[in-house]
Structures are given as structure tokens and as C-alpha cells.
Amino acid sequence: MANITRFDPFNLATTDPFGSVDDLFKGFFMRPVLFEGQPQMQIKLDVKEDDKAYTVHADIPGVKKEDIHVSIEGNQVSISAETKMEKEEKKGEKVLRSERYVGKVARSFTLAHDVDESKSQAKYTDGVLELTLPKKAVSSARKLAIQ
């Protein structure tokens, strides 16, 4: 027979099958703070595949191509970029407000096949990074003759 217990909605110490009050506020005070006018950067990706290569389009607007770094290790691809923004408002010769923002954004993903790093290409135009990542030739298994 099942145990019957009385539910008290005002008792915070009650065991709740859906979680507790602590779970409700977990991480609440540790969230990063976004200030007004501060851009929230994310790298958005489109990945396409054909028989010979992967094509990746990554949206990274407002970044110089010198500040973008791409690394390839086997089938793991990592893209990182540093964003820098300076804004200064003047009225005549008097500076009313000056703001600086420096941040870093990164994105990593894993592909189904290893990438040939030596033949890979990257192009950055109009805020879009285009990567052409050729697949590595799969080495065929070789049988050894036993003597």
C-alpha cells in the first residue's frame, strides 16, 4: 500500500519531485552581467558536406581578419575571435562619454571525418568566415601475409 503524505505548499523544506527552491535559484547570482550597449557576440555556423570536403560559413561581424584564429586537429575545428570596440561621444572639445569593450568569442565543433589541414582554406569577407575543409583520404586496411 502507498504512503499518503499531506502536501504543504508553504513549507519550503518539502521534498518536491520537480526540484527544490535551491534548484530554482541555482546559478542566479553567477550569471555574466551585460551592460547597456554592450554587444553580445556569438559565432553562428552553417556546415555543409559533399563527397570531398566540408564548407563552413561562420558569422563573425565587426571583427578584423587578423583577430580571427582557426585551429584544426583531426576532426575537431575551433574558431576564436577577439572583438574590440571603442566609442567616444564629444560635444565640442568636451568628452561626454567614452566606452571600451574587449571580448573573446569561441566555437568548437567535431566533424564526422578527419580534415586535411594542409589543403584547408579560409576566406573572410563582409563579416562571414568561409572555411573549405577537405576530407583526409581514408587509408585502406592492409592484410599481412603470415609466413
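Express in nm, to one decimal, how much length is gained between Leu45 and Glu66 on full extension, taking 0.36 nm for each residue of separation and deducting their alpha carbon distance. If you can, show how the numbers build up before the last one.
Values: separation 21, 0.36 × 21 = 7.56 nm, distance 1.96 nm.
Contour length minus the Cα-Cα distance gives 5.6 nm.
Mean separation of Cα pairs under 8 Å and 6+ residues apart, divided by the residue count of region 40-134: what relative contact order is that in percent?
Numbers: 180 pairs, mean separation 30.4, N = 95.
32 percent.
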Where nothing but the Cβ of Lys and Arg (+1) and of Asp and Glu (-1) is charged, how large is the charge dipole of region 40-134 around its Cα centre, in debye to the nearest 20? 640 debye
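Under 13 Å from the Cβ of Lys84, count the other residues' Cβ atoms, weight Lys and Arg +1, Asp and Glu -1, and hand me the total.
Net of charged neighbours comes to -1.
Within the set Lys90/Lys123; Lys64/Lys90; Lys65/Lys90; Lys44/Lys90, which residue pairs have Cα atoms separated by over 32 Å?
On the way: Lys90/Lys123 37 Å; Lys64/Lys90 26 Å; Lys65/Lys90 29 Å; Lys44/Lys90 35 Å.
Violating the 32 Å limit, Cα to Cα: Lys90/Lys123; Lys44/Lys90.
If Lys and Arg each add +1 and Asp and Glu each add -1, what is the summed charge of the other residues whose beta carbon sits under 13 Å from the beta carbon of Lys104? Let's see the in-between values first.
Details: positive: Lys84, Arg107; negative: Asp67, Glu82.
Neighbourhood net charge equals 0.
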Using the basic label-point model (7 angstrom from Cα toward the beta carbon), what is the Thr125 to Gln76 distance in nanometres? 3.3 nm
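Find out how many positive minus negative residues lie around Gly74, taking Lys and Arg as positive, Asp and Glu as negative, among other residues whose Cβ is under 13 Å from that of Gly74. Numbers along the way, then the final one.
Working: positive: Lys135, Lys136; negative: Glu73, Asp114, Asp116, Glu117.
The answer is -2.
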Ranking request for peptides 72-84, 88-100: highest mean number of other beta-carbon atoms within 10 Å first, then the rest in descending order. 72-84, 88-100
Stokes-Einstein D for region 40-134 at 20 °C, 1.002 mPa s, Kirkwood Rh over Cα pairs, in µm²/s? 143 µm²/s
Set the Förster distance to 35 Å, then compute FRET efficiency between Lys94 and Thr132 from the Cβ-Cβ distance, nearest 0.05. 0.10
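Computed from the coordinates by the stated procedures, all read-outs in this text should not be read as laboratory data. Note that the coordinates shown come from a computational prediction; the quantities given were computed from them, not determined experimentally. As a convention, Cβ positions derive from the backbone with ideal geometry for all residues, glycine included, and neighbour counts pool all protein chains shown.
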